[in-house]
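Everything on this sheet refers to the single structure shown next.
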Amino acid sequence: MAGRKQAAPPAAEARRALGRARPDGQALFPVAPPKSGLPSGYGDALSELKARIQQARLRTVLAANAAMLQLYWDIGRTILARQAREGWGAKVIDRLSADLRQAFPDMSGLSPRNLRYMRDFASAWPEAEIVQRLLPNLPWGQNVVLLDKVRDPQERLWYAGQCAAHGWSRSVLALQIERRLHERQGKAQNNFALTLPPAGSDLAAQVFKDPYLFDFLGTADPRRERDVEQALVDHVQRFLLELGSGFAFVGRQVALEVGDQDFIVDLLFYHLKLRCYVVVELKAVAFDPGFVGQLNLYLSAVDDLLRHPDDRPSIGLLLCRGKNELVVEYALRHLKRPVGVAEWETKLVDKLPKALRGSLPTVEEIEAELGGARAPRKENTARGGAGRTGGAA
């Protein structure tokens, strides 16, 4: 008896892509479809998911903040106890700071000044319950403002509650204290509900960038690196477009899927005079040979998926914080693609490949722009007399 034939699964819906996708679907630059063609309930679902993500991220970072505040309070209690029992003074705190920073060099919160704030923090809040239950939603910077500006414990508790409830930044908190807001809003309260600050508030934004917190977690450097890279992407995008030398902006943070892996191309341009795509990658760290392989992957994908048969091979530009010339030379020696490696912080030695000269700014010009200096432009006669002069835009 023949088995019942199973229904064929629905055909996969074709995905939108920048340029073209590989026939096997293993590589493409995905592009989101227009919202007009989506189901009617998509907007509500998106809003709900965004709210959930915001709340989950905020809960996670505030849980880490609570652990850091508990640690700071414990350190402060230890210093207070030792001062009372053994007469610890400023010299001992300086020594303690040096030893702790040697043991934990990535934690900037262990300075002598901050250790004294930890001591004052423990003195201002002698009951552990207040720290554990009422203060975990306040970043350390807000706690420091409270220690500096409010002496009365009840007033300090009231401002702590208002700060957490309304999501005040440090500057707003200081302003409300200076205006003596508690006198205009009635008797100071003794307690406040343990609620999350508003997701879009200044406090919520600050806690995600709190250097003390991310030093405490040991994740400060990657976060700072992303911030620096984003600022560089903004700057280089403006810089290249303002040069007026043929750059046409295609996209930033361009998503790329290759096999089962996801990648992000920092900046993608098309050069109208060279008739080729230009891939720009920015790194907030020193040059690593692995960056060349990553950039080469992006160039291969652009040539395979975006490049028109009449276009020239794509060009890559890698901007790093620093580099060793010999390492760069070895990394690029047998690479057949035109790739330039430049430092964005210091003066430079490398020159861009020949394909980049003339129509593209020199590495020196780019680095001078990124470093705040101005490099004179050399008159270019290789483009039919249409040279350009003047400083970097």
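Picking from residues in region 56-80 that are open to solvent by less than 40 Å² (accessible area, probe 1.4 Å) and among the small types (Gly, Ala, Ser), the one that is farthest from the chain's Cα centre (by Cα) is GLY76.
Note on region 252-310: residues that are open to solvent by 50 Å² or more (accessible area, probe 1.4 Å), among the acidic types (Asp, Glu) and more than 25 Å from ASP234 (Cβ to Cβ) total 3. Take the conditions (1) out of contact with any Pro (no Cβ under 6 Å at 6 or more places or on another chain); (2) modelled with pLDDT of 65 or more; (3) of a type in the set (A, V, I, L, M, F, W, C); ALA164 misses just one of them, which is (1). Considering region 145-158, the residues that are of a type outside the set (S, T, N, Q) and out of contact with any helix residue (DSSP H, G or I) (no Cβ under 6 Å at 6 or more places or on another chain) include one that is surrounded by the most Cβ atoms within 10 Å (Cβ to Cβ), namely LEU157. Total residues in region 266-318 satisfying the condition of being without any contact (Cβ under 8 Å) to a residue 60 or more places away in the chain, of a type in the set (A, V, I, L, M) and not in a helix (DSSP H, G or I): the figure is 9.
Within region 81-194, which helices (runs of 4 or more DSSP H) (wholly inside it) include 3 or more residues that are under 18 Å from ASN65 (Cβ atoms) and out of contact with any Cys (no Cβ under 8 Å at 6 or more places or on another chain)? Give the derivation first.
On the way: elements: 90-103, 112-124, 140-149, 153-166, 170-178, 181-184.
Result: 112-124, 140-149, 153-166.
The values are calculated or read from the model by the stated rules, or taken from the named source; none is laboratory data. These figures come from a predicted structure and were not determined experimentally. Positions of Cβ are backbone-derived with ideal geometry, glycine not excepted, and every protein chain shown enters the neighbour counts. Heads up: the accessible areas ignore ligands, DNA and RNA and are worked out on the full protein's heavy atoms, side chains in. Shrake-Rupley method; radii C 1.70, N 1.55, O 1.52, S 1.80 Å.
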